[in-house]
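Everything on this sheet refers to the single structure shown next.
Here, each number is a calculation from the coordinates, and none is a lab measurement. Quantities reported herein were computed from a predicted structural model and do not represent experimental measurements. Counting neighbours? That spans all protein chains shown, and the Cβs are built from the backbone with ideal geometry, glycine included.
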């Protein structure tokens, strides 16, 4: 696998990468991609990255199993704006954005998620919210006659987040 | 009164309580009864949380949906991000295999997802359950002459097969909601563009925002109306950052639709928390004398 850049005339499909991706929710949808490019025209990340981010090319890399082009530090995947236009446009219901998010799950599994994502997760695991409760928040709420933020039953949340027995997640 | 379970999410209750106040103020006047859900968590967010682990994301969303199922009610959200997560989860959980997988996790806390509560964005609740004419009937300060540029945002509309809100290529719900207040909706050239807040890098959304704010400014609108608190943050704090970065003054204050509705229904300007915005919708003040609260 490490040598595929040198053997440019041979495409070697990394099936382990494809199998791992297929285990993610909607991770296997790229199989239906016929490379029409409908996802590219409306993609703001494509427009504003001078074409560096290209959902059609990402689907092609997935089909070829070129995982090491996508799964690594500073992956191009984080340029996605999550606007869902590609999902809207795709005639094959490939949902490129969902495949991209599944790839991000693979990055996160390897500890390669951006710091901001890790911070949001930590906040959620302590408060059940993405914006943590605080006396300042409750004071602002009181100004509008609103009660303090209700507590989230974290014991329930943590229980349902425990990995499945024998599963990967 | 039609009853709906209210899923306020994280951003509005914690960062923008004025928006929650406006919703609780306006909906009862439109004949909608709000039922609060105990024990709701973050939806969870469709960007960061979902990019970490989709199965965890779907499981937490399913638990939130069961809270509305317990009440036997459909649920509405006031945030396009929450709507994205919950609508998509509702859609994904129609798959028997995924539903069984998620329910095995929910079983640990004595819960079961059944798929009996539908997910509605607040914009569709007022459009479909109240109607534009009935909204107009509650207006005591018609906002005639107020130009409201429209920002739809992405997740209200797309993917339309799942969101089922409006035609993503030519929507009209926001224009009609604004027109019901007597104001003039304005569609700017980049109306379709994403606000960029959900992009997990910095440079790309800044350039995109500059283009978007430039076309908004070209319309000389009084305010930029929207329906999503994430977009709102991007057009308030974010507008300041982008303005500084490029040395430009865009100067169109953002406004969340339900605050505009509350104002049109007679809530005083000073009660709506606008002083906390970086760009304040001061054009509204001209209408304060036009009506007194009923």
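Summary of values
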item	result
Computed label-point distance, nm, for sites residue A:134 and residue A:34 using a 7 Å Cα→Cβ extension	5.4 nm
Cα coordinate range in the stretch A:64-120, projected on the principal axes (Å, largest first)	34, 28, 15
Candidates B:176, B:167, B:64: whichever shows maximal mean-square fluctuation once chain B is modelled as a Gaussian network with Cα springs under 10 Å	B:167
In degrees, nearest ten, helix A:55-64 long axis to first principal axis of chain A (Cα)	60 degrees
Calculated Rg and Dmax of chain B using C-alpha coordinates, Å	19.1, 59
Fluctuation leader among B:84, B:61, B:100 - chain B, Gaussian network, Cα springs under 10 angstrom	B:100
Sequence of B:166, B:137, B:271 once ranked by neighbouring C-beta atoms within 10 Å, starting from the fewest	B:137, B:271, B:166
Least to most buried among B:187, A:141 (fewest other Cβ within 10 Å first)	B:187, A:141
For the stretch B:1-125: span of alpha carbons on each principal axis (Å, largest first)	43, 29, 24
Estimated FRET transfer efficiency when R0 is 25 angstrom, pair residue A:22-residue A:118 (beta carbons, to 0.05)	0.45
Whole-number percent relative contact order across chain A, with pairs defined as alpha carbons under 8 Å at least 6 apart	19 percent
Rounded if a/c under 1.5, otherwise prolate or oblate - chain A, Cα gyration tensor axes	prolate
The stretch A:29-96 shape via C-alpha gyration tensor axes, a/c threshold 1.5	oblate
B:263, B:279, B:246 arranged by Cβ crowding within 10 Å, fewest neighbours leading	B:246, B:279, B:263
Inter-site label distance for residue B:167 and residue B:136 at 7 Å from Cα along Cβ, in nm	2.1 nm
Prolate/oblate/rounded call for the stretch B:184-242, Cα gyration tensor, a/c under 1.5 rounded	prolate
Chain B: calculated mean residue ellipticity at 222 nm from DSSP helix runs of at least 4, using -39500 (n - 2.57)	-12000 deg cm²/dmol
Space enclosed by the convex hull of the alpha-carbon atoms of the protein assembly as shown, per residue, Å³	140 Å³
The stretch B:121-226: Cα Rg divided by the 2.2 N^0.38 Å rule of thumb	1.15
Three principal axis lengths of the stretch B:169-294 [C-alpha, angstrom, descending]	48, 33, 25
Quarter of Cα convex hull surface for the stretch B:112-154, i.e. mean projection, nm²	5.2 nm²
The stretch B:42-197: C-alpha pair distances exceeding 18 Å, %	63 percent
Modelled FRET efficiency - R0 22 Å, residue B:112 with residue B:38, Cβ distances, 0.05 increments	0.80
GNM flexibility winner over chain B from B:208, B:163, B:19 (Cα, springs under 10 Å)	B:208
Radius of gyration, Dmax [the stretch B:238-284; alpha carbons; angstrom]	12.5, 38
Computed over chain B: relative contact order in percent, which uses C-alpha pairs under 8 Å that are six or more apart	19 percent
Angle in degrees between helix B:17-26 and the longest Cα principal axis of chain B, rounded to the nearest 10	90 degrees
Estimated distance in nm for a label pair at residue B:249 and residue B:280, the labels positioned 7 Å out from Cα along Cα-to-Cβ	1.7 nm
